[in-house]
Amino acid sequence: MFESNCAHPDSYYDSDADLGLLTGKKIVFLGFGNQGAAQAQNLRDSGIPNDSILVANRPDSYAEDAKSKGFHVESDFKKAAAVADILFVLIPDQVQPRVFNEEFAPSLKDNATIVIASGYNVFYKLLNFKPSQDVVMVAPRMIGSSVRTLYEKGKGFPCFVSAEQDGTGSALKTALALSRAIGATKAGAIASSAREETAMDLFAEQALWPNIIMLFNQAFEVLQEAGCSDEALCYEMWMSKEPAEIFERAAEEGFVTQLKHHSSVSQFGQLNGALQLDGSAIRAHFKDILYNQVLNGKFCKEFSKIEQDLEKDGDANPLNALYTKHAATPLGVAEAGVRSRLAGLL
Ligand code: NAI
């Protein structure tokens, strides 16, 4: 269902990628933030000459950072677009449509390769490409600082790769060369697609984690009503960091097999309890979110209507209004009390 556009193995390694394909190409990084700074430095340390790399950045602290690290920086986006053979689009997703469509697209070469690190704007067709251009996704699954430190340690990092539009006939090969240059094929880059990446990201954000927040709220209220103290509940449920440790072990050892570190009572309760639950209602709810909110573009359309309000102050900003509502739940009120009593002790 979420197959990539190309015939491919499931993962790509250094041996699948030819860095030579990048020889003589001008590689422009639009953005030198979280991902831009990490990927540009990794690429240069992989042997791409500094003179082949250009950072396109508005004059701000990120531009100063790029200069201090020895990169050539161009603040005139039209000039940067005109010389780009390869363009990494590494500015925040919400500003990409305006900046790319208005300031880059008109001057970009017909055979340029555009590299995105998140599927959203491509899956929802918010960026305007020429059919002759290549559009590839090289999407690290971790924050930029880890992309850099893992590279410096000689290690790879999980990354999704795909060719979304193959205008030149060699989009995937270019994507793999770029993945290798930023250090993503060392541990195996995963063949994916903008559709798959967007579906999984938005599903997690709109279905899985909202349910987890809801479950914690309900659990908190039930135990509070049963007489458990706010202090005990907050520590038991998350402030001890036990859930964080469990997820770390799940990543390292196995989603379920990490339970072997728990007591027999705990293991039995969790293994047996999970199998006793009827997941059919939640499954139907999950499918509804995936098909009728994420994949059909409904969320994207609705979000674009409120996007400009995210710059506002106070409750006119929809995010602030939502935080205010969550702060008023029994869990929110209790946690605020616990934290203020804790602060008084420090
Ligand atoms: P960021 O927030 O660190 O971007 C900062 C950069 O964007 C700076 O160079 C800044 O000058 C530029 N910028 C910000 N607003 C601008 C505007 N209005 N006009 C022109 N330039 C502007 O971005 P980040 O987090 O590195 O994200 C870049 C891409 O990487 C996004 O597509 C994101 O989804 C993706 N990604 C991000 C990850 C992360 O850990 N943050 C992980 C994997 C992918």
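The values are calculated or read from the model by the stated rules, or taken from the named source; none is laboratory data. The model shown is predicted, which means the values in this text are computed figures rather than measured ones. We place every Cβ from the backbone using ideal geometry, glycine too, and count neighbours over all the protein chains shown. Calculation scope for accessible area: heavy atoms of the full protein, side chains included, ligands and nucleic acids excluded. Shrake-Rupley method; radii C 1.70, N 1.55, O 1.52, S 1.80 Å.
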Is there a residue being over 28 Å from residue 110 (Cα atoms) and touching an Asp or Glu at 6+ places or on another chain (Cβ under 9 Å) anywhere in the range 240-250?
yes
Can you confirm whether residue 291 is closer than 30 Å to residue 232 by Cβ, of a type in the set (Ser, Thr, Tyr) and open to solvent by 90 Å² or more (accessible area, probe 1.4 Å)?
no
Under 9 Å between Cβ atoms, at least 6 apart or on separate chains: pull out the pairs that start in the range 197-212 with a residue that is among the basic types (Lys, Arg) and end on any residue that is in a helix (DSSP H, G or I) and open to solvent by less than 30 Å² (accessible area, probe 1.4 Å).
none
All positions within the range 46-95 that are under 23 Å from residue 167 (Cβ atoms), open to solvent by less than 10 Å² (accessible area, probe 1.4 Å) and either within 13 Å of the ligand (Cβ to nearest atom) or touching a residue at least 40 places away in the same chain (Cβ under 8 Å) (or both)
56, 80, 81, 84, 86, 87, 88, 89
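For the range 159-166, state whether one or more residues are part of a loop (DSSP other than H, G, I, E, B) and either free of Cβ contacts under 8 Å to residues at least 40 places away in the same chain or open to solvent by less than 40 Å² (accessible area, probe 1.4 Å) (or both).
Here is the first cut: in the range 159-166, the residues part of a loop (DSSP other than H, G, I, E, B) are none.
No, because not a single residue in the range 159-166 is part of a loop (DSSP other than H, G, I, E, B) and either free of Cβ contacts under 8 Å to residues at least 40 places away in the same chain or open to solvent by less than 40 Å² (accessible area, probe 1.4 Å) (or both).
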List pairs: first residue in the range 24-37 and under 16 Å from residue 145 (Cβ atoms), second residue within 8 Å of the ligand (Cβ to nearest atom) and aromatic (Phe, Trp, Tyr) anywhere in the structure, Cβ distance under 6 angstrom, at least six positions apart or on different chains.
32/62; 33/62
Residue count, the range 298-346 (criterion: of a type in the set (Gly, Ala, Ser), exposed (fewer than 12 other Cβ atoms within 10 Å of the Cβ) and at negative phi)
5
Condition test on residue 147, is it within 13 Å of the ligand (Cβ to nearest atom), aliphatic (A, V, I, L, M) and more than 19 Å from the chain's Cα centre (by Cα)?
no
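State yes or no: is residue 277 open to solvent by 70 Å² or more (accessible area, probe 1.4 Å), among the aliphatic types (A, V, I, L, M) and either outside the structural domain of residue 201 (by TED's automatic domain parsing) or over 30 Å from residue 122 (Cα atoms) (or both)? Before the answer, list the steps.
Details: open to solvent by 70 Å² or more (accessible area, probe 1.4 Å): yes; among the aliphatic types (A, V, I, L, M): yes; either outside the structural domain of residue 201 (by TED's automatic domain parsing) or over 30 Å from residue 122 (Cα atoms) (or both): yes.
Criteria met by residue 277.
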So, of the residues in the range 109-126 that are surrounded by 23 or more Cβ atoms within 10 Å (Cβ to Cβ) and without any contact (Cβ under 8 Å) to a residue 40 or more places away in the chain, which turns out to be nearest to the ligand (Cβ to nearest atom)?
114
So the check is Cβ under 7 Å with 6+ separation or different chains; which pairs have a first residue in the range 133-146 that's under 25 Å from residue 108 (Cα atoms) and touching a residue at least 40 places away in the same chain (Cβ under 8 Å) and a second one that's open to solvent by 10 Å² or more (accessible area, probe 1.4 Å) and within 7 Å of the ligand (Cβ to nearest atom)?
138/117; 139/117; 139/118; 140/35; 140/117
What are the pairs with Cβ atoms under 9 angstrom where one residue, in the range 244-264, is within 21 Å of residue 209 (Cβ to Cβ) and the other, located anywhere, is in a loop (DSSP other than H, G, I, E, B) and not aromatic (Phe, Trp, Tyr)? Sequence gap at least six, or different chains.
246/262; 250/256
Which condition number in (1) of a type in the set (Ser, Thr, Tyr); (2) at pLDDT 95 or above; (3) closer than 20 Å to residue 180 by Cβ is the one that residue 107 fails?
(3)
Testing residue 186 on (1) assigned to a helix (DSSP H, G or I); (2) more than 13 Å from the ligand (Cβ to nearest atom); (3) in contact with a Gly (Cβ under 6 Å, 6 or more places away or on another chain), one condition comes back false. Which one is that?
(1)
Out of the residues in the range 16-36 that are more than 19 Å from residue 187 (Cα to Cα), open to solvent by 50 Å² or more (accessible area, probe 1.4 Å) and part of a loop (DSSP other than H, G, I, E, B), state the one that is nearest to the ligand (Cβ to nearest atom).
26
Residues within the range 240-260 that are open to solvent by 100 Å² or more (accessible area, probe 1.4 Å), under 30 Å from residue 342 (Cβ atoms) and of a type outside the set (Asp, Glu), tallied
3
